[in-house]
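K.L.:
Got a structure for you, questions after.
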Amino acid sequence: MKSLHHCPAPAKLNLFLHVVGRRADGYHLLQSVFQLIDRADTLHFDLRDDGRIQRVNDVPGVPAEQDLVVRVLHRLAEAHRTRHGRAVPGIDVRLDKILPMGGGLGGGSSDAATALMAANHLWQCGFGDAELMEIGLPLGADIPFFLYGETAFVEGIGEAMQPVAGPDCWYVVIEPGVSVPTPAIFTASDLTRDTKPVRIADFPEAHKLSAYGKNDLQAVAARLFPAVGEAIDWLGRYGAARMTGSGACVFCALPGEAEADQVLRQVPGSWKSWKAKSLVRHPMKKLLQNSML
Ligand SMILES: C[C@](O)(CO)[C@H](O)COP(=O)(O)OP(=O)(O)OC[C@H]1O[C@@H](n2ccc(N)nc2=O)[C@H](O)[C@@H]1O
Ligand SMILES: Nc1ncnc2c1ncn2[C@@H]1O[C@H](COP(=O)(O)OP(=O)(O)OP(=O)(O)O)[C@@H](O)[C@H]1O
């Protein structure tokens, strides 16, 4: 096989996100339920024969050499060389980006995870998920989750995952129009870092999970970026609205598409908003399975 086109890199929502401690290296210990949704960037891959790794389109705000996709593919190529003793054939990547940066939707990590899955296949590296996770983790704390590919209770800094049943619902997501730099949230002096650890056994039924717990990063993000707080207050009229990740996006679960459409019609025009359906499994898993048949 020489190419893989239309590869999805779906967004995630953090249904809750608790900061339960801090490691000696400054990284924060988190507890969170991550769920995939069906809004996605799209990547296209074509094999080259000169060993080069190239992004072939412009992505505003992300120079090719800084793109997590390009960087993670270099790490995969290096791991391949170490394992098999020969260089990879190279690859062209096109990235069609719709997920906002600094949105808390994990867009960059998801792009990188999709690239790892696609190139592992095209280059016939033969790495398993655990090895791909190890290659990806240093570049993005959310990359292991996207490789795992199912609703998960995530602990540590993003490397420890257990499956959980997530809600089967629609989400309305508001982009408050600001890009939140994750480090600014984690270094804030008013961030609380001592939420009591929870256990899966404490969780409510799946359909109530998006209203369980809280996002500990939300108060800091809303203080630094008032538009985040405004969006939460507005969306809160329709249900348990909260921020995802380190922000800026805000979401609320609705039981069906019609209810989501109803909310979307009311969203003030100054905010970009959209609906998305919860996913059970990463769509790349099926795509790769089919392409192996
Ligand atoms: C908070 C989450 O949005 C939850 O999904 C993510 O874990 C953040 O992932 P991200 O935006 O990809 O962030 P990374 O690039 O991994 O980390 C950016 C910076 O945030 C801080 N950081 C990140 C994750 C973490 N568990 N503790 C931290 O303290 C570190 O200073 C790190 O240098
Ligand atoms: N392919 C990529 N897509 C998006 N951002 C990228 C990419 N490669 C590198 N970046 C850099 O990563 C930063 C964070 O982008 P990303 O979209 O992952 O943020 P996020 O949605 O806030 O993530 P998280 O939920 O993990 O906090 C961007 O500001 C950008 O500089």
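K.L.:
Looking at segment 1-25, which of its residues are among the small types (Gly, Ala, Ser) and within 16 Å of ligand 2 (Cβ to nearest atom)?
P.N.:
9, 11, listed by residue number.
K.L.:
For the subset of segment 76-103 comprising residues that are part of a loop (DSSP other than H, G, I, E, B) and open to solvent by less than 40 Å² (accessible area, probe 1.4 Å), which member is nearest to ligand 1 (Cβ to nearest atom)?
P.N.:
The qualifying residue nearest to ligand 1 (Cβ to nearest atom) is 102.
K.L.:
Out of the residues in segment 262-288 that are open to solvent by less than 50 Å² (accessible area, probe 1.4 Å) and not hydrophobic (A, V, I, L, M, F, W, C), which is nearest to residue 207 (Cα to Cα)?
P.N.:
278
Results for (1) within 16 Å of ligand 1 (Cβ to nearest atom); (2) in contact (Cβ under 8 Å) with a residue 12 or more places away in the chain; (3) of a type in the set (Lys, Arg), shown as yes or no for each residue.
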{"position": "1", "(1), (2), (3)": "no, yes, no"}
{"position": "12", "(1), (2), (3)": "yes, yes, yes"}
{"position": "17", "(1), (2), (3)": "yes, yes, no"}
{"position": "56", "(1), (2), (3)": "no, yes, no"}
{"position": "68", "(1), (2), (3)": "yes, yes, no"}
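K.L.:
Kindly indicate which of 4, 43, 73, 47 is over 23 Å from residue 154 (Cβ atoms) and in contact with a Pro (Cβ under 6 Å, 6 or more places away or on another chain).
P.N.:
Result of the check over 4, 43, 73, 47: 47.
K.L.:
As an exercise: evaluate residue 291 against (1) among the hydroxyl-bearing types (Ser, Thr, Tyr); (2) surrounded by 12 or more Cβ atoms within 10 Å (Cβ to Cβ); (3) not in a helix (DSSP H, G or I) and give the number of the one condition it does not meet.
P.N.:
Unmet for residue 291, out of (1) among the hydroxyl-bearing types (Ser, Thr, Tyr); (2) surrounded by 12 or more Cβ atoms within 10 Å (Cβ to Cβ); (3) not in a helix (DSSP H, G or I): (3).
K.L.:
Looking only at strands (runs of 3 or more DSSP E) that fall completely inside segment 147-212, which ones have 3 or more residues that are open to solvent by less than 60 Å² (accessible area, probe 1.4 Å) and touching a residue at least 12 places away in the same chain (Cβ under 8 Å)?
P.N.:
152-156, 170-175
K.L.:
For residue 73, are the conditions met, namely being open to solvent by less than 60 Å² (accessible area, probe 1.4 Å) and either within 16 Å of ligand 1 (Cβ to nearest atom) or in a helix (DSSP H, G or I) (or both)?
P.N.:
yes
K.L.:
In segment 104-125, which residues are touching a Cys at 6+ places or on another chain (Cβ under 7 Å) and either assigned to a helix (DSSP H, G or I) or surrounded by fewer than 24 Cβ atoms within 10 Å (Cβ to Cβ) (or both)?
P.N.:
114, 118
K.L.:
While we're looking at this one, here's another question. Would you call residue 47 in contact (Cβ under 8 Å) with a residue 60 or more places away in the chain, more than 23 Å from the chain's Cα centre (by Cα) and over 18 Å from residue 137 (Cα atoms)?
P.N.:
In short, yes.
K.L.:
Has segment 74-93 got any residue that is of a type in the set (Asp, Glu), modelled with pLDDT of 95 or more and under 20 Å from the mean Cα position of the chain (by Cα)?
P.N.:
For segment 74-93, residues of a type in the set (Asp, Glu), modelled with pLDDT of 95 or more and under 20 Å from the mean Cα position of the chain (by Cα): absent.
K.L.:
Report yes if some residue within segment 251-261 is surrounded by fewer than 18 Cβ atoms within 10 Å (Cβ to Cβ), without any contact (Cβ under 8 Å) to a residue 60 or more places away in the chain and out of contact with any helix residue (DSSP H, G or I) (no Cβ under 6 Å at 6 or more places or on another chain); otherwise report no.
P.N.:
yes
K.L.:
For residues that are touching a residue at least 12 places away in the same chain (Cβ under 8 Å), away from ligand 1 (no atom under 11 Å from the Cβ) and not in a strand (DSSP E or B), tally how many sit in segment 19-38.
P.N.:
Going through segment 19-38 one residue at a time, the tally reaches 0.
K.L.:
Okay, next question. Do you know which of the residues in segment 232-286 that are of a type in the set (Gly, Ala, Ser) and assigned to a helix (DSSP H, G or I) is nearest to residue 146 (Cα to Cα)?
P.N.:
In this case the residue turns out to be 260.
K.L.:
When the residues of segment 213-244 are filtered to those that are open to solvent by 50 Å² or more (accessible area, probe 1.4 Å) and farther than 16 Å from residue 17 by Cβ, which remaining residue is farthest from ligand 2 (Cβ to nearest atom)?
P.N.:
237
A quick yes/no check of all residues on (1) touching a His at 6+ places or on another chain (Cβ under 6 Å); (2) open to solvent by less than 40 Å² (accessible area, probe 1.4 Å); (3) at pLDDT below 95:
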{"position": "6", "(1), (2), (3)": "no, no, no"}
{"position": "14", "(1), (2), (3)": "no, yes, no"}
{"position": "23", "(1), (2), (3)": "no, no, yes"}
{"position": "54", "(1), (2), (3)": "no, no, no"}
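The values are calculated or read from the model by the stated rules, or taken from the named source; none is laboratory data. In this text the structure is predicted, and so the values were computed from the model without any measurement. Virtual Cβ from ideal backbone geometry, glycine too; neighbours counted across all protein chains shown. Calculation scope for accessible area: heavy atoms of the full protein, side chains included, ligands and nucleic acids excluded. Shrake-Rupley method; radii C 1.70, N 1.55, O 1.52, S 1.80 Å.
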